1. Filter the stretch 384-412 for residues that are surrounded by fewer than 24 Cβ atoms within 10 Å (Cβ to Cβ), of a type outside the set (Val, Ile, Thr) and either under 28 Å from the mean Cα position of the chain (by Cα) or closer than 30 Å to residue 321 by Cβ (or both) and give the result.
2. Since residue 427 meets every condition but one in (1) touching a Ser or Thr at 6+ places or on another chain (Cβ under 8 Å); (2) within 22 Å of residue 376 (Cα to Cα); (3) at pLDDT below 80, which condition does it not meet?
3. For the stretch 195-213, state whether one or more residues are modelled with pLDDT of 80 or more and within 22 Å of residue 50 (Cα to Cα).
4. Going residue by residue through the stretch 175-187, is there one that turns out to be among the polar types (S, T, N, Q) and either at pLDDT 85 or above or farther than 22 Å from residue 77 by Cβ (or both)?
5. Mind checking whether some residue in the stretch 402-409 is farther than 26 Å from residue 274 by Cβ and either assigned to a helix (DSSP H, G or I) or at pLDDT below 80 (or both)?
6. Please note which helices (runs of 4 or more DSSP H) are completely contained in the stretch 1-119 and include at least 2 residues that are among the hydroxyl-bearing types (Ser, Thr, Tyr), in contact with a helix residue (DSSP H, G or I) (Cβ under 9 Å, 6 or more places away or on another chain) and in contact (Cβ under 8 Å) with a residue 24 or more places away in the chain.
7. State all residues of the stretch 258-283 that are in contact (Cβ under 8 Å) with a residue 40 or more places away in the chain and aromatic (Phe, Trp, Tyr); if no residue qualifies, say none.
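The values are calculated or read from the model by the stated rules, or taken from the named source; none is laboratory data. All figures in this text were calculated on a predicted structure; none of them were measured in a lab. So basically every Cβ, Gly included, is an ideal-geometry build from the backbone, and we count neighbours across all protein chains shown.
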Amino acid sequence: MELLILVLVGAIIVTAVADRRGMQPALIIVVIALAVSFIPGMPRVELDSHILLTVVLPPLLYSAALGFSFPNFLRNLKPILGLGVAMVVITAVAVGWVASLVIPEFTFILALLLGAIVAPPDAVTAVAIGRKLGLPKRLMTILTGESLVNDAAALSLFAIAISQIADTHSFIGNPLALFGYNAILGPIVGAVLGMLTLWIRRHLQNPALETVQGFVVPFAAFLAAEHLHASGVLAVVIAGFVVGSGSVHAGYQTRLQERYVWNSVDVLLEAFVFAYIGLQMRFIIEDLRDARESLLHIVAASVLVLVVVLAIRPICVFAMFGRGVVSRRIDSAVNVEVPANPRRSTRPVPAEDRPPGRWRRFADRIDHRPLTWQESTVVAWTGMRGVVTLAAASGIPVTMASGEPFPERSAIQAIAFVVAVGTILIQGPTLPWLIARLNLHNEDEERYDHDQTARTETIVHTAADQVFADFVDRPPAELDAATVEFIKDTVARQSRDAEEMPDPEAHTARNDAFATLYRAVLHAQREALVADRDAGKVDDEAVRAMLERLDLQEAGLSARLESRL
């Protein structure tokens, strides 16, 4: 335990230094951890794979889903599923085919197990770099959505391969039926727990307890789904979507606390994971020697698998999204009009070809706009591996059902760790350079974001004006007309981010009326924003940004009103 704490503290210190110097914390942590692992007498830091999967992975996934826009997830569902499911399967099969050819000891199913382990990229670092360098929102959405989906696909393949090799009896014998069971029941478990969480919050009315209760949700969702032999990853993701969408009805303190708590958890866990990856290398080499494996042969196989992993993603990305160049040239040749929303289709669908009713509204929100070659290039180079590859490699059983040692366990783990470290060291430092060199500036998207922000401003001001009109028409009985007008004007200025606010020196009628009116305005503004978002009139991300502003305003109001104590 003391050693784990030292690793965690060291990772946090390195992260702080790297941030101050504008470097990538993940890359620096891995390099330093690799060097530290070869210090003579350095004890082995080893965690059970079950701990990695149940303690590290769920909060990272839940935090990403909690702050992620579900409407934007649906809008970009095609590229997200293409990268998060199809890409994982293609990568696993490609790695399995190559590994079975170059490593004589590997059967195809053993090589497929290796492919499932190295298939899922960890988009955490890519998203962090992209956010710092101003990556377009659509790319951020696709990369984040991919990271929420690909883990489930990879772990499902991993479980199927393990059951076939170790001859263990899985819950469902048919691999396709097992995959479908995971994909259906996991989200159901997550949705149920998410709705249960929102129901409990409505009855708690305590920000501290609500935050603590929310912290338990990812672990409960993961364990409940795994207990039912379903996908714990999908359960956590859906629970995060449900709680994140419903958090607009929680108190402002809960939303603010959760935002900062989960940001801190992300930094803590990511720093630890990358440190843990680096610290394993020396001991992986020792395990290979103990298993009498040829180090030269394993190094050569690892480099080849790393090359396949680095090459297969660009090939698949340009095969999936490269048609956009041709489509845009055709559209420009025939003068197709581009709609105001750049995140939607560049080719309008005729009304008679659209599905009716609710399906039509859903289809209209799908983004059919192809990626540019610059965007495809960035997506193709964001394939760094992380916690799932680490946990899956550690999760290979020591023995099979017959009691015999699991075949080539050390070799598979060594190759997986080399691939994870290699992608971090190769793609990590080159991705910022690539993003900086490509012209990803999108004026249409900037205009769209500006328009959505202006719409949220209009919504909140209209809602405030309605509350002000009701207040003037039906003022508190103990206030005269001049005081009513003064309160209305003061709250109006404050609701538009002015710094003016009356001093709350006592529980006077004027002061109480001011606080009541201000909170009524904030409540009406939130309700109007959520109603227009649910009706599809304004973008979800713009609504979330405005809600955060309203939360900060209410926090400032409450601090002033409580200052009398």
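1. Result: 394, 395.
2. (3)
3. First pass over the stretch 195-213, keeping only residues modelled with pLDDT of 80 or more: 195-204, 206-213.
Going one step further and asking which of them are within 22 Å of residue 50 (Cα to Cα), we end up with none.
Scanning the stretch 195-213 turns up no residue that is modelled with pLDDT of 80 or more and within 22 Å of residue 50 (Cα to Cα).
4. Step one: of the stretch 175-187, the residues among the polar types (S, T, N, Q) are 182.
Narrowing the set further to residues that are either at pLDDT 85 or above or farther than 22 Å from residue 77 by Cβ (or both) leaves none.
Checked against the condition, which is being among the polar types (S, T, N, Q) and either at pLDDT 85 or above or farther than 22 Å from residue 77 by Cβ (or both), the stretch 175-187 yields no hits at all.
5. Kept after step one, since they are farther than 26 Å from residue 274 by Cβ, are these residues of the stretch 402-409: 402-408.
Next, only the ones that are either assigned to a helix (DSSP H, G or I) or at pLDDT below 80 (or both) stay: 402-403.
Yes, the stretch 402-409 contains at least one residue that is farther than 26 Å from residue 274 by Cβ and either assigned to a helix (DSSP H, G or I) or at pLDDT below 80 (or both).
6. Values: elements: 2-20, 25-37, 57-66, 70-75, 77-81, 87-102, 108-118.
Because the criterion is at least 2 residues that are among the hydroxyl-bearing types (Ser, Thr, Tyr), in contact with a helix residue (DSSP H, G or I) (Cβ under 9 Å, 6 or more places away or on another chain) and in contact (Cβ under 8 Å) with a residue 24 or more places away in the chain, the helices (runs of 4 or more DSSP H) in the stretch 1-119 that meet it are 57-66.
7. 262, 272, 274, 276, 283
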